[in-house]
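The values are calculated or read from the model by the stated rules, or taken from the named source; none is laboratory data. Note that the structure is predicted; figures quoted are calculated from it, not measured. Glycine also receives a Cβ, built like all others from the backbone with ideal geometry; neighbour counts cover every protein chain displayed. Note: areas computed on protein heavy atoms with side chains; ligands, DNA, RNA excluded. Shrake-Rupley method; radii C 1.70, N 1.55, O 1.52, S 1.80 Å.
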Amino acid sequence: MSGRPVLIVFAGLPGVGKSTLARRVGAALPAPVLPVDPIERVYGAAGPEAYQAVAALAEIQLELGLPVIVDAVNPVAEAREMWLELAERAKVPLRVVEVWCADEDEHRRRIEARQAADPAYADVDWVRVLERRAEYQPYVGRRVVIDTTVPGDPLGSLLDYLRG
């Protein structure tokens, strides 16, 4: 995949493990990882503005002929459509990775542990995750779904999907 531009979009609720997995994929390819969260935290640009900023950065990477990874919740069709339009405009494949944590107790434990360990996540508590889950629209379209509570390392099969 090295030298081949592709837009890889990670989606899923906060705390499911998508950022960890996106970084591992970025290191394995290698490819830049562009997370939405830091832009939202630094500039207070929640929602469309932060996504648009990441899309602009991703487009530059694609123009350079690089694969690029977007790390964002992508809870609604509008956000997801932006990535499809970017891939079409850049004439590159779009690969979507939807990450889940099917064990609700484990998901809550991860949120609370992250919140305690990193002040940057102070405002992402379990109540906020439940709110995000309520607004999360079902994903429609080709994608791979990874449940981070399933035993085993998904990296190998995920890289196969991304190369396919």
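Computed extension length for residue 125-residue 139: 2.7 nm, one decimal, from 0.36 nm per residue of separation with the Cα-Cα distance subtracted. What is the angle, in °, between the Cα long axis of helix 126-135 and the longest principal axis of the Cα atoms in the chain? Nearest 10 is fine, range 0 to 90. Around 50 degrees separate the two axes.
Note on the range 78-164: Rg/Rh from C-alpha atoms, Kirkwood Rh, equals 1.02. In order along the range 159-164, phi translates into HN-Hα couplings of 4, 4, 4, 5, 7, x Hz, rounded to whole numbers, per the Karplus curve 6.51 cos²θ - 1.76 cosθ + 1.60 with θ = phi - 60° and x for Gly and Pro. Sorted largest first by accessible area at a 1.4 angstrom probe radius, with every protein chain in place, the residues 140, 99 fall in the order 140, 99. Within the listed set 32, 151, 75, the Gaussian network model of the chain (springs between alpha-carbon atoms below 10 Å) gives the highest mean-square fluctuation for 151. Placing +1 on each Lys and Arg Cβ and -1 on each Asp and Glu Cβ, with no other charges, gives the chain a dipole about its Cα centre of roughly 500 debye. Axis of helix 18-28 versus longest Cα principal axis of the chain: the two differ by about 40°, to the nearest ten degrees.
Please sort by residue number the trypsin sites (Lys or Arg not before Pro) in the range 1-82 whose DSSP state is loop and whose Cβ has at most 16 other Cβ atoms within 10 Å. Passing both the DSSP loop test and the Cβ count: no residue.
Amide H contacts under 5 Å for residue 96: 9, 144, restricted to partners 5 or more places along the chain or on a different chain, H placed in the peptide plane at 1.01 Å from N.
3J(HN,Hα) along the range 67-84: x, 9, 10, 9, 10, 7, 5, 6, x, 10, 4, 4, 5, 5, 5, 4, 5, 4 Hz, from the Karplus curve 6.51 cos²θ - 1.76 cosθ + 1.60 with θ = phi - 60°, whole Hz, x for Gly and Pro.
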